[in-house]
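*Asks:* Below is one structure. I have some questions about it.
Values quoted throughout were computed directly from the atomic coordinates according to the rules given, and no laboratory measurement underlies them. Here the structure is a predicted model, which means the values were calculated and not measured. Cβ coordinates were reconstructed from backbone atoms using ideal geometry, including for glycine residues, and neighbour counts include every protein chain displayed.
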Amino acid sequence: MRTSASTVSDSMRTQLWPVPLAAVVVAFGLGLALPYVDSLVDQDLSPQWKSILFDGGSDAAKSVMETIAGSLITVTALTFSLTVVTLQLASSQFSPRLLRTFSRDRVVHNTLALFLATFTFSLTVLRSIRVDTEDQSGLVPRISVSLAFLLAIASVITLVGFLAHLAKQIRVETMLKDVHSESTKTVERVFPDDPDGTTRRLDVHAGPGSDARSWSLLEADTSGFLLSIDTRAVLAAAVDVDAVIVVDAVPGDSLVTGVPFGRVIALDGREIDRDRVDRARRALADAITTGFERTSTQDVGFGLQQLLDVASRALSPGINDPTTAVHAIGHVSSLLVSIVERPTGAKTLLDDDDRVRVVVAFPTFDDLLDQAMRQLNAYAMSDPRTAERVIRLLREVGWRDRSGTYSEDISRQLGLVRAQIVDSVLSAEEKRSLVARCDDVTVAITGDWTVAETPRSRP
């Protein structure tokens, strides 16, 4: 299994320890080096510099450094506690999958880094302060103590900013915006507007013309979520074994050891020998990255699922927050609209002779629409506001599908929505109003946007 640079980068960004650890190491080194510099330049400092730098004795310097070190470790513990409480709130109130959004917050990383660096630097410098005795000359590292003082002031200012940032981050609007922004970047990365000329679309289930019995199955050698696929490595493997490789699993799927997730076949449609199959299996295993949790590296459906989780949790009886659900559905609609006109689905890679070598499965737009609508149909039709927002979602998607490629899929989803409305517990008047809204979707699919006359509620 190969770990791609993008996967490593994403993993490091979602960990709380790398940046603070790096800051501690730098602060420790600086705490060792700077007092030595102090001892070299102390006698050469001009009166102007001495008036700016710390000008107390060794006892005063020790007191200052002890105070800074003691207070900063307390503030750091408080910051960690607030972060953990925020993570717990996000997990229980909205969705456990939102923890990645908080754990990759650079403000949290940098705040913890500054606090721990100030503590480490102060504690390291403290050991270099010496009292003047008969056996040794005293040392008051003026530059080091002054720097520790400045770091302490910066830490106080940062603490205030961190509290303000935390109050903003725990708002559901901010969380939804962050998930939406990250998902949009994934969409642009996986489904670019202008794909390069080396790829073209092909039905991943069919593959190049061949009998289904001729395919040799490629089994997973590890369990976990499929995070990313190095398509260039798969292409090189296909050329190496002189075959066509099809990856049936899409990023975000759960792989199980020993269960097939890909296929291989000779260029002429014949079955290949066991040795080439084993080489293709090992190469494909090295070209994929798996993990214990889904990420946004290549998984287009992950961000969509996060938004749907927030909507579903908000509609649960224990929370009962339809306003949050309406906002989440709005972000789902915006994300789907950004995908509807992009080339989605499986990607086909060609060799230098323009022959199909690799077919990698990616979700199609109708797959993503179905993912959203199945969950919304199950939970959003018992409240008139969320039901209306779901209908508007279909209307917006239908309007943006200018080519009419997905008109049948949208109409099918609209039929399911109508059925859910009829079977819902809403009043007869609300049902009639929502059914009338469904007619607007049909009109939008045809390329017309009429202003509905039925009054509607706003979140």
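*Asks:* Any idea what % of Cα-Cα pairs in segment 84-175 are farther than 22 Å?
*Replies:* 48
*Asks:* Let me ask something else. Output wanted: per-residue J couplings in Hz (rounded whole) for segment 60-72, from phi through Karplus 6.51 cos²θ - 1.76 cosθ + 1.60, θ = phi - 60°, x for Gly and Pro.
*Replies:* Couplings: 5, 4, 4, 4, 4, 5, 5, 5, 4, 4, x, 5, 5 Hz.
*Asks:* Something else about it: With just the Cα atoms defining each centre, how far is segment 253-324 from segment 394-433? Give it in Å.
*Replies:* 29
*Asks:* Under 13 Å from the Cβ of R127, count the other residues' Cβ atoms, weight Lys and Arg +1, Asp and Glu -1, and hand me the total.
*Replies:* Residues close to R127 contribute a combined charge of +1.
*Asks:* Per q in 0.18 Å⁻¹, report the Debye log10 I(q)/I(0) for segment 296-408, using one uniform scatterer on each alpha carbon and no solvent.
*Replies:* -0.89
*Asks:* In degrees from 0 to 90, rounded to the nearest 10, what is the angle of the helix 142-169 Cα long axis to the longest principal axis of the chain?
*Replies:* 30
*Asks:* For E293, what residues show an amide H to amide H distance below 5 Å, using hydrogens built from the backbone and excluding near sequence neighbours?
*Replies:* Amide H neighbours of E293: F225.
*Asks:* I want to check the label-to-label distance for D132 and A236. Put each point 7 Å from Cα in the C-beta direction and report it in nm to one decimal.
*Replies:* For the pair D132/A236, the computed spacing is 6.7 nm.
*Asks:* Please compute the Cα-Cα pair-distance distribution of segment 45-97 with 10 Å bins starting at 0, giving whole percents from short to long.
*Replies:* Each 10 Å bin holds this share of Cα pairs: 21, 24, 20, 16, 13, 8.
*Asks:* May I ask for the angle, rounded to the nearest 10°, between helix 172-190 and the longest principal axis of the chain, with both axes built from Cα atoms and the value confined to 0 to 90°?
*Replies:* So the inclination is approximately 70 degrees.
*Asks:* Using helices alone, what [θ] at 222 nm do you get for the chain, with -39,500 (n - 2.57) per DSSP H run of 4 or more residues, divided over all residues and rounded to the nearest 500?
*Replies:* My calculation for the chain gives -20000 deg cm²/dmol from helical runs alone.
*Asks:* List, in order, the whole-Hz ³J(HN,Hα) value for each residue of segment 20-34 obtained from phi through the Karplus relation with A = 6.51, B = -1.76, C = 1.60 and θ = phi - 60°; use x for Gly and Pro.
*Replies:* So the Karplus estimates, Gly and Pro as x, are x, 5, 4, 5, 5, 5, 5, 5, 5, x, 5, x, 7, 7, 5 Hz.
*Asks:* Over the Cα atoms of segment 358-459, each weighted equally, I'd like the Debye log10 I(q)/I(0) at q = 0.24 Å⁻¹, rounded to two decimals.
*Replies:* -1.34
*Asks:* Turning to a different aspect of this structure: If you place +1 on the Cβ of every Lys and Arg and -1 on the Cβ of every Asp and Glu, how big does the dipole about the Cα centre of the chain come out, in debye to the nearest 20?
*Replies:* 900
*Asks:* Give the long-range amide H neighbours of L218: residues separated by 5 or more places, or on another chain, with amide H under 5 Å away, using H modelled in the peptide plane at 1.01 Å from N.
*Replies:* F261, G262, R263, V264
*Asks:* P96: net charge of surrounding residues, Cβ under 11 Å, Lys/Arg +1, Asp/Glu -1, itself excluded?
*Replies:* Result for the local shell: +1.
*Asks:* Right, here's the next one. Quick one: helix 407-423 against the long Cα principal axis of the chain, what's the angle to the nearest 10°, folded into 0 to 90?
*Replies:* 90
*Asks:* Another question, if that's okay. What share of Cα pairs, in percent, lie more than 20 angstrom apart in segment 309-369?
*Replies:* Everything past 20 Å amounts to 52 percent.
*Asks:* Still on this model: Under 5 Å between amide H atoms, partner at least 5 residues away or on a different chain: which partners does D253 have, H built in plane at 1.01 Å?
*Replies:* So D253 has HN proximity to L226.
*Asks:* Take a quick pass over the chain and tell me how many lysine pairs come in under 21 angstrom between Cα atoms, counting only ones 8 or more apart or on separate chains.
*Replies:* Taking the chain as the scope, the lysine pair count is 4.
*Asks:* What's the longest bit of the chain with no exposed trypsin sites (Lys or Arg not before Pro), using DSSP loop states and at most 13 other Cβ atoms within 10 Å as the test?
*Replies:* 1-126
*Asks:* Can you give me the pair-distance distribution of segment 71-129, C-alpha pairs, 10 Å bins, whole percents?
*Replies:* That works out to 22, 41, 23, 11, 3, 0, in percent per bin.
*Asks:* Sticking with this structure for a sec: Once you treat every alpha carbon in segment 256-354 as an equal point and sum by Debye, what is log10 I(q)/I(0) at q = 0.13, 0.21, 0.24 Å⁻¹?
*Replies:* Computed log10 I(q)/I(0) values: -0.75, -1.17, -1.29.
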